[in-house]
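Enquirer: A single structure is presented below for examination.
The values are calculated or read from the model by the stated rules, or taken from the named source; none is laboratory data. What you see is a predicted model, and the numbers here were worked out from it, not measured in a lab. Note that each Cβ is placed from the backbone with ideal geometry, even for glycine, and that neighbours are counted across all protein chains shown. When the accessible area is computed, the model is the full protein with side chains, heavy atoms only, and any ligands, DNA or RNA have been set aside. Shrake-Rupley method; radii C 1.70, N 1.55, O 1.52, S 1.80 Å.
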Amino acid sequence: MTRLVTSGNQTMVTEFLFSVFPPLHQGGLLFFIPLLLIYGFIITGNLMIFIAVQLDAALHTPMYFFISVLSFLEIWYTTTTIPKMLSSLVREQKTISLAGCLLQMYFFHSLGITEGCVLTAMAIDRYIAICSPLRYPTIMTPKLCAQLTAGSCLCGFLLVLPEIAWIATLPFCGSNQIRQIFCDFAPVLSLACTDTSLVVIVDAIHAVEILASFLAIALSYVRIIVVILGMPSAEGRRKAFSTCAAHLAVFLLFFGSVSVMYLRFSATYSVFWDTAIAVTFVILAPFLNPIIYSLRNKDMKDAIGRLFCRRRRAGGVGG
């Protein structure tokens, strides 16, 4: 049962109900099994990429360092939402406490912003590598890579904090049904029984965050493409394009779905489209990232192959 607390003449909500998940006997299991397999693939794939980059000396470059950071973030990014989705698909009570909802929102958006910042750092790395190759080793030092990563985390985890602190002060009464697959700002704020006009400021902050990263990456790639097209060697152009293709694909998938979701201001979608867009950046993008970075990347495939060979040899010696 949903917990309610009576305060004065109002009944305050202390739990929210995810109303979009079907009951187990009405198709919940049909969604549970594929989602469980996808989650397992996301964790395994990103963990393999992270371990391969850490252990293989051939991948100790700025580009693969950022890929490993992105893979590490993806593990936690999906873990903030998918396990709760899985439990909501099989449990009778599809609820989440107010505190749990606030924590889910905080970590989901913090990790999402951090990923956006890391993608921006990756675009800067590719820009310097292709546009200033002679200066690249002296500019993209391990120290700078670590600083960019730390700055990305700091930006992600501090920017969302005031917003979550404000939402935590709001009273919630009446309906407690969240029409989304996870706790997000708009669905939760719509349930507050007080003035939430400040949400316009929240939307503006999100818009600035998304647009700043999008413009930085887009401008970097415009310059990169111009430089690549000017290369005299066809082989050089092909190699440069293939190096950037994976990052560009992840960038378009991540920022495309996020922009549709959060750069709409007063525009509203149906529950179906809201859910479909959320599935794209909560489930689909993290699912495709390991495929893009490993199966389409020869160096990464070779490193993962060496990792498995090393484990087999270790197992053989141990046996």
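Enquirer: Among residues belonging to the range 72-86 that are assigned to a helix (DSSP H, G or I) and of a type in the set (S, T, N, Q), point out the one that is surrounded by the fewest Cβ atoms within 10 Å (Cβ to Cβ).
Expert: Restricting to residues being assigned to a helix (DSSP H, G or I) and of a type in the set (S, T, N, Q), the top hit is 79.
Enquirer: Mind telling me which of the residues 255, 272 ends up being out of contact with any Ser or Thr (no Cβ under 8 Å at 6 or more places or on another chain) and of a type in the set (Phe, Trp, Tyr)?
Expert: Going through 255, 272 in turn, just one is out of contact with any Ser or Thr (no Cβ under 8 Å at 6 or more places or on another chain) and of a type in the set (Phe, Trp, Tyr): 272.
Enquirer: Is it the case that some residue within the range 193-212 is within 19 Å of residue 103 (Cβ to Cβ) and either open to solvent by 60 Å² or more (accessible area, probe 1.4 Å) or over 21 Å from the mean Cα position of the chain (by Cα) (or both)?
Expert: No: the range 193-212 contains no residue that is within 19 Å of residue 103 (Cβ to Cβ) and either open to solvent by 60 Å² or more (accessible area, probe 1.4 Å) or over 21 Å from the mean Cα position of the chain (by Cα) (or both).
Enquirer: May I pose another question? Working only within the range 213-240, note down all residues that are free of Cβ contacts under 8 Å to residues at least 24 places away in the same chain and open to solvent by 80 Å² or more (accessible area, probe 1.4 Å).
Expert: Correct list: 215, 219, 222, 226, 229, 232, 235, 238, 239.
Enquirer: Does the range 10-23 contain any residue that is more than 16 Å from the chain's Cα centre (by Cα), part of a helix (DSSP H, G or I) and closer than 29 Å to residue 153 by Cβ?
Expert: No, there is no match, as no residue in the range 10-23 is more than 16 Å from the chain's Cα centre (by Cα), part of a helix (DSSP H, G or I) and closer than 29 Å to residue 153 by Cβ.
Enquirer: Continuing with this model, one more query. Looking at 228, 217 in this structure, which one is within 30 Å of residue 242 (Cα to Cα), in a helix (DSSP H, G or I) and over 26 Å from the mean Cα position of the chain (by Cα)?
Expert: Result of the check over 228, 217: 228.
Enquirer: Kindly provide the set of residues from the range 158-192 that are in a loop (DSSP other than H, G, I, E, B), in contact (Cβ under 8 Å) with a residue 12 or more places away in the chain and more than 18 Å from the chain's Cα centre (by Cα), ordered by number.
Expert: 170, 171, 174, 175, 176, 179, 191
Enquirer: Here's a follow-up. Does residue 89 fit the bill of being within 20 Å of the chain's Cα centre (by Cα) and part of a helix (DSSP H, G or I)?
Expert: Taking the combined requirement at face value, the residue does not satisfy it.
Enquirer: Filter the range 97-119 down to the residues that are open to solvent by less than 20 Å² (accessible area, probe 1.4 Å) and among the β-branched types (Val, Ile, Thr), then identify the one that is farthest from residue 158 (Cα to Cα).
Expert: First pass over the range 97-119, keeping only residues open to solvent by less than 20 Å² (accessible area, probe 1.4 Å): 101, 104-105, 108-112, 114-116, 118-119.
With the extra rule that they be among the β-branched types (Val, Ile, Thr), the set shrinks to 114, 118.
Working: 114: 10, 118: 15 Å.
For the range 97-119, the residue satisfying everything is 118.
Enquirer: Also, I was wondering about something else. Only one residue in 284, 288, 295 is open to solvent by 70 Å² or more (accessible area, probe 1.4 Å) and at pLDDT 80 or above. Which one?
Expert: Matching residue, one of 284, 288, 295: 284.
Enquirer: Take residue 70 and decide whether it is out of contact with any Ser or Thr (no Cβ under 9 Å at 6 or more places or on another chain) and at pLDDT 95 or above.
Expert: Criteria not met by residue 70.
Enquirer: Pairs needed: first member in the range 250-270, within 26 Å of residue 293 (Cα to Cα) and part of a helix (DSSP H, G or I); second member anywhere, modelled with pLDDT of 80 or more and not hydrophobic (A, V, I, L, M, F, W, C); C-beta distance under 6 Å; at least 6 residues apart or different chains.
Expert: Filtered contacts from the range 250-270: 250/289; 257/280.
Enquirer: Could you give me the residue pairs with C-beta distances under 7 Å whose first residue belongs to the range 21-42 and is surrounded by 13 or more Cβ atoms within 10 Å (Cβ to Cβ), whose second residue is of a type in the set (Ser, Thr, Tyr) wherever it lies, and which are 6+ apart or on separate chains?
Expert: Within 7 Å, the pairs are 21/88; 39/78; 42/78.
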